[in-house]
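Please read the structure below before turning to the comments.
The numbers here are math on the coordinates, done by the rules we state, and not lab data. Quick caveat: nothing in here was measured; it's all calculated off a predicted structure. Note that each Cβ is placed from the backbone with ideal geometry, even for glycine, and that neighbours are counted across all protein chains shown.
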Amino acid sequence: MIKIKGAIFTLTCISLLNLSLNLFAQTIDDPQIKNIDDLSNDSAQMMTWTCNNQDDNIVVEAKDDQIWSSIIESKNWNCQENLSDIPTDALQFTCEPTEDGSISLLTITWLSGKDENKQMGQWIHQFAEEYNMMCSMAKVGLLDNDE
């Protein structure tokens with residue numbers, strides 16, 4: 001049963017990554033675009049914010065900021081729309097709406113700081129309880145065909 005859940009989780013992650021990469025490739029027509037403000041304003045695309053709270057830094061990817069920011073920014077996190085590199089082995093969680101959920105896909109990645117397990121766990125429970133989302137946590141990994 002655990003192997004099946006792991007396989008389903010892996011396939012879901014690969015599918016989401018593939019979808020994200022395809023959408024990103026379709027969004028950027030001009031290779032000269034280097035600033036997020038130069039991208040077209042498409043309400044269907046996910047947006048990226050970098051957030052910090054003293055020495056702690058995260059990246060948030062979502063379609064809208066009204067609900068996630070009510071949870072994260074209420075805890076003294078300051079967020080700005082911005083792109084950021086995501087290192088391998090960064091702790092990350094993704095939440096998806098359930099049938100009666102109220103927001104779309106949400107991904108939060110821990111970039112730096114301390115107590116990431118505690119903070120990320122608190123956020124997962126808040127999104128699950130307050131917005132009826134199903135969340136999973138993992139470490140960011142790169143796909144490597146040689147392994």
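Compared with the alpha-carbon gap, the fully stretched path from Asp85 to Lys118 is longer by 9.6 nm at 0.36 nm per residue.
Quick one: if the Förster radius is 25 Å, what FRET efficiency do Asn57 and Ala128 give, using the C-beta to C-beta distance and rounding to 0.05? Before the final figure, lay out the partial values.
Numbers: r = 23 Å, r/R0 = 0.94.
The pair Asn57/Ala128 has a calculated efficiency of 0.60.
Segment Thr98..Ser136, full-extension length gain: 12.4 nm, with 0.36 nm per residue of separation and the alpha-carbon distance subtracted.
What GluC sites (Glu not before Pro) in the range 57-125 are in a loop by DSSP, with at most 13 other Cβ atoms within 10 Å of the Cβ?
Numbers: sites: Glu61, Glu73, Glu81, Glu99, Glu116; in loops: Glu99.
Sites meeting the loop and neighbour criteria: Glu99.
The trypsin sites (Lys or Arg not before Pro) of the range 68-121 that meet both conditions, a loop assignment by DSSP and at most 16 other Cβ atoms within 10 Å of the site Cβ, are Lys114.
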